[in-house]
Ligand SMILES: Nc1ncnc2c1ncn2[C@@H]1O[C@H](COP(=O)(O)OP(=O)(O)OP(=O)(O)O)[C@@H](O)[C@H]1O
Ligand SMILES: [Mg+2]
């Protein structure tokens with residue numbers, strides 16, 4: 001597998017965290033890796049390092065310059081809203097076909113591992129007609145679904161898996177990323193998801209200082 005789309009049950013769940021960990025793992029293993037965050041909202045050039053593109057570039061070992069940001073994250077908007085709304089605030093709109101073409105060209109030209117981070121959850125609107133789900137369907141590459149151990153994540157995760165598989169997409173793995181302060185034990189979350197989604201590998205991600213991304217990386221390499 002060489003390209004993977006990273007989606008989640010919602011915003012702030014850990015897509016960039018997981019992508020950065022994988023990038024660092026593959027770089028340390030001497031494997032070529034590239035990452036894109038094609039659509040970003042809440043982008044502030046004054047704190048570009050803290051943006052998703054900035055974090056991904058740092059993991060890639062590249063400088064956080066305007067040119068590099070432009071290269072990996074061309075559709076950027078200031079308002080911290082869904083992409084359709086954030087674009088509208090600037091009297092702009094996302095050209096879905098251009099987004100699809102940009103992503104497909106990156107997949108076609110990719111020589112190592114390519115991670116494409118989505119935005120928000122699986123059905124965030126990109127324009128008046130398309131959501132992230134339509135984008136994933138057009139690309140038709142394997143997915144990584146990141147979820148949490150928050151109360152409500154079971155329904156969010158199973159709903160997401162149902163929709164993704166109905167649309168013919170392949171979920172390579174589900175990452176259950178521990179939600180800080182949650183009353184729900186991560187073990188119980190994993191056990192329950194496994195019961196309902198037997199065929200899909202579940203990878204546990206704890207909050208710790210130096211987590212290993214090897215098990216997840218190996219899932220994606222297979
Ligand atoms: N396992 C973890 N351990 C420590 N910190 C984490 C972990 N997972 C996520 N975080 C932190 O939680 C915050 C939210 O995670 P992240 O930015 O990866 O979410 P996201 O799904 O990419 O959000 P967005 O929808 O804004 O793109 C970040 O500050 C990230 O560093
Ligand atoms: Mg992110």
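Over the range 5-161, what is the mean sequence separation of C-alpha contacts under 8 Å (at least six apart), divided by residue count, expressed as relative contact order in percent?
Relative contact order, the range 5-161: 37 percent.
For the pair residue 185 and residue 44, what calculated FRET efficiency results from E = 1/(1 + (r/R0)^6), where r is the Cβ-Cβ distance and R0 = 45 Å, to the nearest 0.05? Each step should come with its number before you reach the end.
Numbers: r = 37 Å, r/R0 = 0.81.
Given R0 = 45 Å and the Cβ-Cβ separation, E is 0.80.
Can you classify the range 25-136 as rounded, prolate or oblate using the Cα gyration tensor, where a ≥ b ≥ c are the square roots of its eigenvalues, rounded means a/c under 1.5, and otherwise it's prolate if a/b beats b/c and oblate if not?
Values: a/c = 2.15, a/b = 1.38, b/c = 1.55.
Judged from the Cα gyration tensor, the range 25-136 comes out oblate (a/c at least 1.5, b/c at or above a/b).
Could you list 81, 99, 145 so that the one with the fewest beta carbons within 10 Å of its beta carbon is first and the one with the most is last? Show your work: numbers first, answer last.
Working: 81 15, 99 22, 145 28.
In increasing order of surrounding Cβ atoms, one gets 81, 99, 145.
Hey, in the GNM for the chain with a 10 angstrom Cα cutoff, which one of 123, 85, 208 fluctuates hardest?
With Cα springs under 10 Å in the chain, the top fluctuation among 123, 85, 208 is at 208.
How big is the range 94-222 by the Kirkwood estimate over distinct Cα pairs, in Å? Could the numbers behind the result be given before it?
Details: mean 1/r = 0.0628 Å⁻¹.
Mean inverse Cα-Cα distance, inverted, gives 15.9 Å.
Between the alpha-carbon centers of the range 150-189 and the range 94-115, tell me the distance in whole angstrom.
26 Å
Using a Gaussian network for the chain with springs between C-alpha atoms less than 10 Å apart, which of these wobbles most: 52, 95, 84?
Among 52, 95, 84, the largest mean-square fluctuation in the Gaussian network model of the chain belongs to 95.
Report the calculated FRET efficiency for residue 165 and residue 62 (r = Cβ-Cβ distance, R0 = 30 Å), to the nearest 0.05.
E(calc), rounded to 0.05, equals 0.30.
In the Gaussian network model of the chain, springs joining C-alpha atoms below 10 Å, which of 138, 146, 176 carries the largest mean-square fluctuation?
Among 138, 146, 176, the largest mean-square fluctuation in the Gaussian network model of the chain belongs to 138.
How much of the DSSP beta bridge set in the chain is antiparallel, as a percent to the nearest 5? Mind showing how you got there, number by number?
On the way: 1 of 25 bridges.
That works out to approximately 5 percent antiparallel.
Could you please rank 102, 43, placing first whichever residue has the fewest other Cβ atoms within 10 Å of its Cβ? Could the numbers behind the result be given before it?
On the way: 102 15, 43 22.
Listed from fewest to most nearby Cβ atoms, that is 102, 43.
Among 117, 90, 204, which comes first, second and so on when ranked by fewest other beta-carbon atoms within 10 Å? All intermediate terms of the calculation are to be shown ahead of the outcome.
Numbers: 117 28, 90 11, 204 17.
Ordered by Cβ neighbours within 10 Å, fewest first: 90, 204, 117.
Starting from the Cα gyration tensor of the chain, multiply each eigenvalue by 5, take the square root, and state the resulting semi-axes largest first in whole Å.
Details: eigenvalues 129, 83, 62 Å².
For the chain, the ellipsoid semi-axes come out as 25, 20, 18 Å.
How far is the Cα center of the range 1-46 from the Cα center of the range 202-216, in Å?
One Cα centre to the other: 15 Å.
Values quoted throughout were computed directly from the atomic coordinates according to the rules given, and no laboratory measurement underlies them. This is a predicted model, so every value here is computed, not measured. Please note: Cβ atoms are built from the backbone with ideal geometry, for glycine as well, and neighbour counts cover all protein chains shown.
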